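Below: the structure, in structure tokens.
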Amino acid sequence: MIATLQVLIIITVANAAPVVLSYVLGRRSGRPVDGGSRWRDGRRVFGPSKTVRGVIAAVIATTGVTALLGLPLLVGAAAGALAMAGDLASSFAKRRMGLMPSSRFIGLDQVPEAFLPLLVLIPLPMISTTSGVAAAALFVLLGPPASWMLYRAGIRREPH
């Protein structure tokens, strides 16, 4: 149970850090990861809401929270980076489907960013596969209602 909670905290922090930082800073220093580049289909690679600042915030915040949980710093940095890789992958897929930035796609919005960090978390001796998968599944289930609450609180710009 404790390992499940630890993984859920790590995944949540990784995914919440860019949102919270965007709320605090607004669009300042929000350089897009894709630099405005377009893919062969003429659409943006990721979109304007995926920023270098957000990726860095996720890695730093996740590294910090893993340190507080007594886990290796490198694992935290890797978990944050993998969560953001999952987030970027889902944005890339949504752009290819013609969906607008910040549009909702239940499952695709949560699964990659929840499960990719497990690649570095499950090998830890204190975190079993069951604990990791349970935490990721909880994140996927609780993500949409939590996002909606952040939207209602004025922290998120979109209710997804």
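Considering only residues in the range 93-102 that are farther than 16 Å from residue 54 by Cα and either open to solvent by 30 Å² or more (accessible area, probe 1.4 Å) or not in a helix (DSSP H, G or I) (or both), the one that is modelled with the lowest pLDDT turns out to be 100. Do we find a residue being surrounded by fewer than 16 Cβ atoms within 10 Å (Cβ to Cβ), at pLDDT below 95 and not in a helix (DSSP H, G or I) anywhere in the range 45-52? Yes, the conditions are met somewhere in the range 45-52. Residue pairs whose Cβ atoms lie under 9 Å apart, separated by 6 or more positions or on different chains, with the first residue in the range 16-29 and basic (Lys, Arg) and the second in a helix (DSSP H, G or I) and at pLDDT 90 or above, are 28/53. Taken over the range 10-31, the residue count meeting the criterion of being assigned to a loop (DSSP other than H, G, I, E, B) and surrounded by 20 or more Cβ atoms within 10 Å (Cβ to Cβ) is 0.
Only one entry of 34, 109, 87 meets the criterion of being touching a His at 6+ places or on another chain (Cβ under 7 Å) and surrounded by 17 or more Cβ atoms within 10 Å (Cβ to Cβ), and that entry is 109. For the range 120-152, the set of residues classified as open to solvent by 70 Å² or more (accessible area, probe 1.4 Å), of a type outside the set (Ser, Thr, Tyr) and without any contact (Cβ under 8 Å) to a residue 40 or more places away in the chain consists of 123, 125, 141, 142, 148, 149, 152, listed by residue number.
The values are calculated or read from the model by the stated rules, or taken from the named source; none is laboratory data. For clarity, every value in this text was computed on a predicted model and none was experimentally measured. Using ideal geometry, Cβ is built from the backbone for each residue, glycine included, and neighbour counts are taken over all protein chains shown. Note: areas computed on protein heavy atoms with side chains; ligands, DNA, RNA excluded. Shrake-Rupley method; radii C 1.70, N 1.55, O 1.52, S 1.80 Å.
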